[in-house]
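The values are calculated or read from the model by the stated rules, or taken from the named source; none is laboratory data. Note that the coordinates shown come from a computational prediction; the quantities given were computed from them, not determined experimentally. All Cβ positions, even for glycine, are placed from backbone atoms using ideal geometry, and neighbour counts span all protein chains on display. Ligands, DNA and RNA are stripped out before the accessible areas are found, and what is left, the full protein with its side chains, is counted by its heavy atoms. Shrake-Rupley method; radii C 1.70, N 1.55, O 1.52, S 1.80 Å.
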Amino acid sequence: MGKFLKYILIFSIITVIFFLIGEIIVRNLSSSYGLKNLYIQEKGDKIRTLILGSSHTYYGLNPLEMGDSVFNLANVSQSPEYDLELLKHYKELMPNLKYLIVPISYFTYSDLKMEDDDEWVRVIKYKTRMHLKLHSDFSIYNLEIADFDGYRGQLANLILKKPSNISDSLGFGLGYTLDNRAPNWKETGELRAKNHTADHLGRRSEVLEIQEELIDYARDNGLDIFFITTPTYESYYNNLNPDQEQEMREAIRELKVKYDIEYLDFLRDERFIDEDFYDPDHLSAIGASKLSKILKDTLPKINKDSHIIPR
């Protein structure tokens, strides 16, 4: 019995050491979160326009098409809380920052907090790669292995020499090309709209408070802020829940009345055609180029007195 317990102890120690080594390796692998953090650390003083938000802007706004000094700090599933925290976290490293672009989507006022959502593991990257201080160093959010599927996948990519980075040097999300688009992408619109429709009580008041704090913080620091809703395909917007969309629009009206914000609504914009979409609520690389050029022309002061941002 003693020998058996000894073998169990030895095996346990070896397993812990193996996973600790894996933890260290994974933390040092390239990722879009880590690259964005490094870029701001090294070149934050070059950034004048900062894009925040979720996958709708991560894949939907390309800094290279928007003029000079633009950087994309959006991430997949990034919630308004993290927009605010990222801005506060990096503001001192961006002394020349002048403009913010922030999306408002159909799900903005109904989605759960990231920590309470099925995709809570995404929070880990903000702690391990961007060093946000929302969670303790001793929390589960400071362990890459807590996202075991992602942890295992990154190690597999390392062994197979597959790239893990999915953004370019200015933070724009790569991969949403027509070559990668699913053949039946149009038919997924109804399901995607349903998945973005809350089956629980929304948190409009909470999100509005966060957005108001973001606006106040921006204006206290001399920043102009622009809100946008990115384009969607008809199979998506035709299946939106009217009550939830109305809640979104009422929240926008509240912000406009209280803060006189600038808001651009592309939700049903007919200028965007089939080739502009990767799926019913995300733009393809072609569509992102189109939307980015539209914003460049619509918000000309973003480019006023700007300078070239190094890649």
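Things worth noting here:
- Loop-located trypsin sites (Lys or Arg not before Pro) in the stretch 132-175 (DSSP state not H, G, I, E or B) with no more than 13 neighbouring Cβ atoms inside 10 Å: K133, K161.
- Total formal charge among the other residues, if their Cβ is under 11 angstrom from that of V102, Lys/Arg +1 and Asp/Glu -1: -2
- Net charge over other residues, Cβ less than 12 angstrom from the Cβ of L20 (K, R count +1; D, E count -1): -1
- Taking the longest Cα principal axis of the chain as reference, the axis of helix 2-27 is set at about 30 degrees.
- Under a model in which nothing but the beta-carbon of Lys, Arg (+1) and Asp, Glu (-1) is charged, the chain shows a dipole of about 1360 debye around its Cα centre.
- Coarse-grained scattering of the stretch 203-269 at q = 0.19, 0.27 Å⁻¹, given as base-10 log I(q)/I(0) from a Debye sum over alpha-carbon atoms: -0.83, -1.26
- Cα-based radius of gyration for the stretch 1-86, normalised by 2.2 N^0.38 Å, reads 1.77.
- Computed [θ] at 222 nm, helices only, for the chain once each DSSP H run of length n ≥ 4 contributes -39500 (n - 2.57): -13000 deg cm²/dmol
- Put the Cα centre of the stretch 20-47 next to the Cα centre of the stretch 95-150 and the gap is 15 Å.
- I210 contributes an accessible area of around 20 Å² to the protein surface, as traced by a 1.4 Å probe with all chains present.
- 19 Å cut-off, amide nitrogen to a point 7 angstrom out along K88 Cα→Cβ, residues in the stretch 185-222: 205-222
- Alpha-carbon gyration tensor eigenvalues x 5, square-rooted, for the stretch 166-242, Å: 30, 22, 10
- Taking 37 °C and 0.692 mPa s as conditions, the stretch 50-93 diffuses translationally at an estimated 306 µm²/s according to Stokes-Einstein applied to its Kirkwood radius (Cα pairs).
- C-alpha long axis of helix 148-160 to longest principal axis of the chain, angle in °: 80 degrees
- D_trans [Stokes-Einstein, Kirkwood Rh over alpha-carbon pairs] for the stretch 60-170, 4 °C, 1.567 mPa s, µm² s⁻¹: 81 µm²/s
- Over all Cα atoms in the stretch 120-180, the spread is summed up by Rg and Dmax: 13.8, 42 Å.
- Applying 1/(1 + (r/R0)^6) with R0 = 25 Å to the Cβ-Cβ distance of I140 and I17 gives a FRET efficiency near 0.80.
- Backbone amide hydrogens, once placed in the peptide plane, bring E262 within less than 5 Å of F227, excluding anything fewer than 5 places away on its chain.
- Degrees between helix 285-298 axis and first principal axis of the chain (Cα, 0 to 90, nearest 10): 50 degrees
- Spatial extent of the stretch 188-311: Rg and Dmax, with the Cα atoms as the point set, Å: 16.5, 47
- Residue-by-residue Karplus 3J(HN,Hα) for the stretch 100-109, coefficients 6.51, -1.76, 1.60, Hz, glycine and proline x: 10, 10, 10, x, 10, 10, 3, 9, 4, 9
- Across every pair of non-identical alpha carbons in the chain, the mean reciprocal distance, once inverted, gives a Kirkwood radius of 20.7 Å.
- Selected from P80, P103, P163 as most flexible by GNM, with the chain as the system and alpha-carbon contacts under 10 Å: P163
- For a label point 7 Å along the Cα-to-beta-carbon line of R271, residues of the stretch 213-230 with backbone N under 14 Å: 229-230
- If you count Lys pairs in the stretch 94-246 whose Cα atoms are under 30 Å apart, skipping same-chain pairs closer than 8 places in sequence, the total is 17.
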